[in-house]
């Protein structure tokens, strides 16, 4: 299994969250998710300034195999989306923890990163799926 970046938090539905010091987070899908989906051909990302609630569907990833919903790991407001994915969705397959990020959220009051899984906890859930 690929080593997971230690600065990330994870969801059981295979999203990752990178916290920033300014109260924002960057979000994408995990290596496990992109590998399970196969070649990603299209992404439908949310509108800027959209408010999302934790657990709410906020984006769609389409691959040659299937379409999959992406869920908000935390509540917040969409500050930015990765527009380069519009023309190069395969970037998610190539660099899911780097250039393949999907969006940036300003966290809502009370949004709690500790509700998300650490890299070690997430790896354990993957072991349980196998």
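A protection proxy built from the mean count of other Cβ atoms within 10 Å ranks the segments 75-86, 117-128, most packed first, as 75-86, 117-128. With a cut-off of 12 Å, note down the residues of segment 71-105 whose backbone N falls inside the zone around a label point 7 Å from the Cα of residue 60 toward its beta carbon. In segment 71-105, the label zone of residue 60 (backbone N under 12 Å from the point 7 Å along Cα→Cβ) covers no residue.
Between the alpha-carbon centres of segment 11-59 and segment 70-130 there is a gap of 4 Å.
Computed extension length for residue 22-residue 94: 23.2 nm, one decimal, from 0.36 nm per residue of separation with the Cα-Cα distance subtracted. Judged by the mean number of other Cβ atoms found within 10 Å, the most tightly packed of the peptides 25-34, 9-18 leads the ranking 25-34, 9-18. Between residue 121 and residue 13, the modelled label-to-label distance comes to 1.7 nm, taking each label 7 Å out from Cα in the direction of the beta carbon. Binning the alpha carbon pair distances of segment 78-130 at 5 angstrom intervals from zero yields the distribution 4, 16, 15, 16, 20, 19, 9, 0, expressed in whole percent.
Seen from all directions on average, segment 11-109 presents a Cα convex hull projection of 5.6 nm². Over the chain, dividing the summed -39,500 (n - 2.57) contributions of all DSSP H runs of at least 4 residues by the number of residues returns a 222 nm mean residue ellipticity of -5000 deg cm²/dmol.
Projecting label points 7 angstrom from Cα along Cα→Cβ for residue 67 and residue 44 puts them 0.5 nm apart.
Taken together, the values in this text are just the output of simple stated rules run on the coordinates, not laboratory data. The structure presented is a predicted model; accordingly, all values stated were derived computationally and were not measured. We place every Cβ from the backbone using ideal geometry, glycine too, and count neighbours over all the protein chains shown.
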